[in-house]
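To start, the structure itself, in structure tokens.
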Amino acid sequence: MVLRRAVRRLPVRAGAFLGRDRRRQGTVLCLLFPRGKGDTEPSPVSSQDSRESLGCLTIMRNRTNSFILLVLAGILMAAIMSGLFREDLISGGQSGTASGASAAPAGAGSVQLLSSGEYEAGRNMYAEKDFSASDLLWQGGPAACDEKSASVYIPFDAEQMEEASHAEKYTRDRFAREILAGLEPADKNCTIYICSDDMMDLPAEAVSGGYPFQAILADGERAEAFHIILTGLPALCIDKTDSEEIVYKEEHQGKLRYIPMSASDEEADSFCRFHVRGNVSSTLDKKPYKISLTDKAGNKIKTGIGTLREDDDWILNPLFTDFTRVREMTAYALWDSISAFSDFPQASSRMQYVELFMDNVYQGIYGLMEPVDGKQLALQPGDLLYKIDRWDREYPYIDEYESKEGETEIYNDRGFPCVEIKYPRSWDRTASWLPMQVFHRFVFRTQDPGAFEEAGLKTDLDSIVSMSLYCALTHAMDSTWKNSLLIAKMDGEGSYTLYRTIWDLNFVFGDVFVYAPEEGYTAFDPGTALTYIPEQDSTFDFEAFLAADPSLEQALAAKWALWRAGGISADSVCAGAEQYMSLLTKSGAMSREMQRWPQDRSYEEALGQMQEWIRARFAYLDRYFGLDTK
């Protein structure tokens, strides 16, 4: 035991490995002497026959005596005194090896980069142990791990990767120093040994290919093997802290950690509450979630995550019904672009890609989204925000408003919300159902604009036209009444002006809802690019205003001409989709997503179909509105 402890303190190149020889059933001391300046390969210590000549001694348990111990002690002391043991720190030391591998001191809690021969020799010295995510840390906190595949994921900045690939050779020393520096064992008595690999010279290819670098975590007795995978997306880790299983939409307690792609970017580390959200999407295998950040006592706290705003509520969108995983990102970017052509633009959500790990299980690509709420829309006390969840024709809830004073939700007969007040966040003296009630009655009953004036309300027709035209351009048929928002902003005279904005954009650019659970309730319909059907390609409220004022058709055509003249084009939208796809493929995440969630149509084929649909749609609407783009 004394000898075992002494060897643990040695640098790896002169005897870091001491364990049990599984063939001789004895304790093995492996002395790996360093190479001279002329050596090109590390001395292999792999065969039983070569062990003694290379300093690998097997001490049979029934022959151990004080004489052998004295001899070993003398060998070790001589080696140390002669300066054979080099200590090249991963954190910036110089490497003296021809292979470019650098070694750290083999002390407690260290990380060492070994040649392949040394790595294999050392791995054979240890008894095997199952991989546990809790045994590794990344920058002092939990690492992003998938225990099933024994893999730890390290986010790596894609732009930095591209710059490094062109500006200078990405040597293994730099790889270890800049990329692996944050990896450490949770137990400071353990050591991480990483196998030097040619792919360390090619980090861009390692990221895009999801290359698994080999490593072991050793405690002197046993070792657990794992892989290190670089990813070009941030990692979001959620670990459930309660003992309850996730069954449906019940709330759970947990801890959340956001790991950015660069150490200079801010991390997020918080307690949280979370639950499955959505309607049809909640029944699919890859679940959507709502997350609320809290302190240890359960009080909500606001934290910024990645490029998104500082807040306490977040949405995790699985993007599961879209074979491309870029539809919604492209659609939200398009909404931002067309909003620039409105006098009073209304925001929608913003989204950032992450790879999600829940309870140390890889869950794939998700869109981390800001909710469309009072903060997103810059609402002030007295303003109102309504979220429309259900079709009126599915469940006629139009006569229930007056009986719901004091409540912020109206439910259908199955217990699902039809419409909600999202701002204010709870009922107070400023809350009212009146603007929503008048708007709803106008659209589905009276179609008489005079009802707004009688109720002291105004409508921003430019907002009505813009949202309807956006639905026409994207064929957002699932958002022409439900999955939309009504905003009531109070002016200085105490009256409201009504605006519209969008949310939930999974069924766009040719993807349509079908009642087919086995197909994820989704089908691609190329024919929708060549039609304009009221209330499928236009909003229900636009059609009601159009019935009262046919001149709005000209307003719609004029808005289309304005967008086209301002640079909204098939090329720009397709280029955006291509850019998001490039991010997902170069990050290596898309390949992992397809392994985790196989689909019967490739993402490349699906992207091609989507882009063809977009080009056909622009051409069709140009003809529909009589616009000569030539």
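The values are calculated or read from the model by the stated rules, or taken from the named source; none is laboratory data. Treat the numbers as computed from the prediction; the structure is a model and nothing was measured. Cβ: placed from backbone, ideal geometry, glycine included. Neighbour counts: every protein chain shown. Side chains included, ligands, DNA and RNA excluded: accessible areas come from the protein's heavy atoms. Shrake-Rupley method; radii C 1.70, N 1.55, O 1.52, S 1.80 Å.
Based on what the data block shows, is Ser591 out of contact with any Lys or Arg (no Cβ under 9 Å at 6 or more places or on another chain) and either assigned to a helix (DSSP H, G or I) or hydrophobic (A, V, I, L, M, F, W, C) (or both)? When the stated conditions are applied, Ser591 passes them.
Of all the numbered requirements in (1) crowded, with 22+ Cβ neighbours inside 10 Å; (2) farther than 19 Å from Leu552 by Cβ; (3) under 33 Å from the mean Cα position of the chain (by Cα), Ala488 misses one, and that requirement is (3). Hey, can you tell me all the residues within segment 379-395 that are out of contact with any Phe, Trp or Tyr (no Cβ under 8 Å at 6 or more places or on another chain) and over 27 Å from Arg327 (Cβ atoms)? Once the filter is applied, which keeps residues that are out of contact with any Phe, Trp or Tyr (no Cβ under 8 Å at 6 or more places or on another chain) and over 27 Å from Arg327 (Cβ atoms), segment 379-395 yields Gln380, Pro381, Gly382, Tyr395.
Just one of the listed residues (Leu236, Leu293) is under 15 Å from the mean Cα position of the chain (by Cα) and open to solvent by less than 60 Å² (accessible area, probe 1.4 Å), namely Leu236. Only residues that are open to solvent by less than 30 Å² (accessible area, probe 1.4 Å) and in a helix (DSSP H, G or I) were counted across segment 521-545, and they come to 7. Being part of a loop (DSSP other than H, G, I, E, B), under 20 Å from Asp343 (Cβ atoms) and out of contact with any Asp or Glu (no Cβ under 7 Å at 6 or more places or on another chain) is a condition met by at least one residue of segment 447-455. Filtering segment 559-576 for residues that are open to solvent by less than 10 Å² (accessible area, probe 1.4 Å) and farther than 28 Å from Gln352 by Cα leaves a non-empty set. Residues in segment 374-390 include at least one that is out of contact with any strand residue (DSSP E or B) (no Cβ under 6 Å at 6 or more places or on another chain) and either at positive phi or among the β-branched types (Val, Ile, Thr) (or both).
Could we say that Asp359 is open to solvent by less than 20 Å² (accessible area, probe 1.4 Å), of a type in the set (D, E, K, R), under 23 Å from Ala235 (Cβ atoms) and under 17 Å from the mean Cα position of the chain (by Cα) here?
no
When segment 603-630 is limited to residues that are touching a residue at least 12 places away in the same chain (Cβ under 8 Å) and assigned to a loop (DSSP other than H, G, I, E, B), the one that is nearest to Pro534 (Cα to Cα) turns out to be Phe625. Number of residues in segment 292-319 that are in contact with a helix residue (DSSP H, G or I) (Cβ under 7 Å, 6 or more places away or on another chain) and among the aromatic types (Phe, Trp, Tyr) equals 0.
In segment 200-229, the residue that is nearest to the chain's Cα centre (by Cα) out of those that are open to solvent by 10 Å² or more (accessible area, probe 1.4 Å) and of a type in the set (D, E, K, R) is Glu205. Can you give me the number of residues within segment 473-506 that are touching a residue at least 40 places away in the same chain (Cβ under 8 Å) and either under 19 Å from Pro424 (Cβ atoms) or of a type in the set (Phe, Trp, Tyr) (or both)? Within segment 473-506, residues that are touching a residue at least 40 places away in the same chain (Cβ under 8 Å) and either under 19 Å from Pro424 (Cβ atoms) or of a type in the set (Phe, Trp, Tyr) (or both) number 13.
If you check Glu245, Glu250, Glu266, which single one turns out to be touching a residue at least 24 places away in the same chain (Cβ under 8 Å), acidic (Asp, Glu), out of contact with any helix residue (DSSP H, G or I) (no Cβ under 8 Å at 6 or more places or on another chain) and over 30 Å from Asp478 (Cα atoms)?
Just one listed residue meets the conditions, Glu266.
Just one of the listed residues (Tyr470, Tyr515) is closer than 18 Å to Arg390 by Cβ, out of contact with any Asp or Glu (no Cβ under 8 Å at 6 or more places or on another chain) and either crowded, with 19+ Cβ neighbours inside 10 Å or free of Cβ contacts under 8 Å to residues at least 12 places away in the same chain (or both), and it is Tyr515.
Assess whether Tyr386 counts as being of a type in the set (Phe, Trp, Tyr) and modelled with pLDDT of 95 or more. Criteria met by Tyr386. The conditions are (1) surrounded by fewer than 21 Cβ atoms within 10 Å (Cβ to Cβ); (2) of a type in the set (D, E, K, R); (3) under 22 Å from Ala331 (Cα atoms), and Asp460 fails exactly one of them. Which is it? Here Asp460 meets the rest and fails (3).
For Ser342, indicate whether it is open to solvent by less than 10 Å² (accessible area, probe 1.4 Å), at negative phi, touching a residue at least 60 places away in the same chain (Cβ under 8 Å) and polar (S, T, N, Q). Against the criterion (open to solvent by less than 10 Å² (accessible area, probe 1.4 Å), at negative phi, touching a residue at least 60 places away in the same chain (Cβ under 8 Å) and polar (S, T, N, Q)), Ser342 does not qualify.
Conditions (1) open to solvent by less than 10 Å² (accessible area, probe 1.4 Å); (2) under 21 Å from the mean Cα position of the chain (by Cα), marked per residue:
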position	(1), (2)
Thr231	yes, yes
Val247	no, no
Gly278	no, yes
Asn299	no, no
